[in-house]
Amino acid sequence: MKTQLLVVAAVAATANAFSMSNEQTGRRNFLQTATAITASTVLPTAALAEITVPEQSKEYTFPSDWGLTYNYEADAAKVRNHMVIATGLAKGSDRMEDFGKNLKKEMIDFVSYYRRFPNVAGKPSFSTLYTSINVL
């Protein structure tokens, strides 16, 4: 279905391009139409990734396990869990400021420590978590 739509639109754009008196305008219209059709058929398939957004809540258990254990897998899981909690906190949550300060310190310590090791810094999980830390 998408292929047929793409072919029909390309033919229509081609016919429209050749019917114009100005060659530059015809090329521009063809390229704009072809780009729009390609984007509309390709991009929706890329946007099908499932995104889970945590519920906003004022109720949470304040973590007591702040800081690094210097075990990459355990620290990455802990930082990720704390980040998920942080994104789910609603305005006015209890001890929100303390949570934010502790999380910021933990994220900075995590990146500062593990980016020094090439065997860890080269892992896709580290790159993804590093990007997430920069975003948060």
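The values are calculated or read from the model by the stated rules, or taken from the named source; none is laboratory data. Just so it is clear, the model here is predicted, and its values are computed rather than measured. Positions of Cβ are generated from backbone atoms using ideal geometry, with glycine treated the same way; all protein chains shown enter the neighbour counts. The accessibility values were calculated without ligands, DNA or RNA, using every heavy atom of the protein model including side chains. Shrake-Rupley method; radii C 1.70, N 1.55, O 1.52, S 1.80 Å.
For this structure, a couple of remarks:
- Summed over region 93-110, the residues that are over 25 Å from the mean Cα position of the chain (by Cα), of a type outside the set (Lys, Arg) and exposed (fewer than 13 other Cβ atoms within 10 Å of the Cβ) give a count of 3.
- When region 73-103 is filtered for residues that are out of contact with any His (no Cβ under 9 Å at 6 or more places or on another chain) and polar (S, T, N, Q), the ones remaining, listed by number, are Asn81, Thr87, Ser93.
- Residue ID - farthest from Val111 (Cα to Cα), chosen from residues in region 53-92 that are open to solvent by less than 40 Å² (accessible area, probe 1.4 Å) and part of a loop (DSSP other than H, G, I, E, B): Ala90
- Qualifying residue in region 129-136 (condition: open to solvent by 80 Å² or more (accessible area, probe 1.4 Å) and touching a residue at least 24 places away in the same chain (Cβ under 8 Å)): yes
Quick grid of which residues meet (1) in contact with a helix residue (DSSP H, G or I) (Cβ under 7 Å, 6 or more places away or on another chain); (2) of a type in the set (Asp, Glu); (3) at positive phi; (4) at pLDDT below 90:
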position: Ala17; (1), (2), (3), (4): yes, no, no, yes
position: Met20; (1), (2), (3), (4): yes, no, no, yes
position: Thr35; (1), (2), (3), (4): no, no, no, yes
position: Ala39; (1), (2), (3), (4): no, no, no, yes
position: Pro54; (1), (2), (3), (4): yes, no, no, yes
position: Glu73; (1), (2), (3), (4): no, yes, no, no
position: Met83; (1), (2), (3), (4): yes, no, no, no
position: Thr87; (1), (2), (3), (4): no, no, no, yes
position: Phe110; (1), (2), (3), (4): yes, no, no, no
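- Number of residues in region 75-94 that are among the basic types (Lys, Arg) and over 17 Å from Asp65 (Cβ atoms): the value is 1.
- Per the listing Phe99, Phe110, the residue uniquely in contact (Cβ under 8 Å) with a residue 12 or more places away in the chain and touching a strand residue (DSSP E or B) at 6+ places or on another chain (Cβ under 9 Å) is Phe99.
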